[in-house]
């Protein structure tokens, strides 16, 4: 098994901050909306512009919108930096390092997924420190939320989502570790999906996914979506949650195999959910737009391997982290946090 980025990253892609700061802005090349069902018109204008906000990153990830400060935070995972983009621009460094500068045995010691919490701070998936942490946006103080499960340290927490009651769900693939599953630092026998209750109790919900990656919740908090970045099984799984938050049932929500091809083997990754339940899931081609029943309405074609997306601004702007780029497109749908 190879990593999710082995298909797409090359040495030339690992660009430094200087190229990021000198990037040019504009619109990406058209056409960029792949309409599979006319119902997509209720979600996206097929003529909406896909705006390039910044470029020059190694692998952009983890976007989340700060509604109080009106800015987007996102990470550049291999370069161990987190950035911020205020509404007026430009992009600037937010955290350096984003994870830790002292992580022996890690191929990616930086942070990955981010989530702006209901408490007004930032939930961070920190690869190098192998934990989920809470970052105070005023002081930059970091406090651990989840550091181990049954005495074993996590692999490298990847993505996180918060339920309305403060419960956190996160994935823990081995992408941060040198050697991935073969790393001698790997203490977990599985690559799991976890829940952190508001009282701090950590529970493993899933243990049979090969490379769990992106994670998202339905508007009613009753369905947890988890993507699997496995070229042999590029699926999104839906976990039906009981009232106590445990998994009552699970099913394959969407199988992206038919969208993959040898010249464009991009896999499913991060996701965002609208208030009306549509799932915007990164995958082959860019961002897949799916109904709550798992029907593919269409794709936002980015021209890049695409890692993640998040709603921001007034809730109708979708920000997209696509390899070396930060993109933006207007949507008719509104993010679940705004509804």
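The values are calculated or read from the model by the stated rules, or taken from the named source; none is laboratory data. As the structure is a computational prediction, the values presented were derived from the model and not from experiment. Here the Cβ positions follow ideal geometry from the backbone for every residue, glycine too, while neighbour counts run over all protein chains shown.
Numbers below:
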{"read-out": "Hits in region 80-100 (condition: touching a helix residue (DSSP H, G or I) at 6+ places or on another chain (Cβ under 9 Å), farther than 19 Å from residue 52 by Cβ and surrounded by fewer than 21 Cβ atoms within 10 Å (Cβ to Cβ))", "value": "93, 96"}
{"read-out": "Those residues of region 105-120 which are farther than 16 Å from residue 176 by Cα and surrounded by 20 or more Cβ atoms within 10 Å (Cβ to Cβ), in sequence order", "value": "115, 116"}
{"read-out": "Subset of region 162-181 that is in a strand (DSSP E or B) and either out of contact with any strand residue (DSSP E or B) (no Cβ under 8 Å at 6 or more places or on another chain) or without any contact (Cβ under 8 Å) to a residue 60 or more places away in the chain (or both) - its residue that is surrounded by the most Cβ atoms within 10 Å (Cβ to Cβ)", "value": "171"}
{"read-out": "Only one of 198, 184 that is farther than 17 Å from residue 289 by Cβ, in a loop (DSSP other than H, G, I, E, B) and in contact (Cβ under 8 Å) with a residue 60 or more places away in the chain", "value": "184"}
{"read-out": "Residue match in region 148-160 (condition: part of a strand (DSSP E or B), in contact with a strand residue (DSSP E or B) (Cβ under 6 Å, 6 or more places away or on another chain), surrounded by fewer than 20 Cβ atoms within 10 Å (Cβ to Cβ) and modelled with pLDDT of 95 or more)", "value": "yes"}
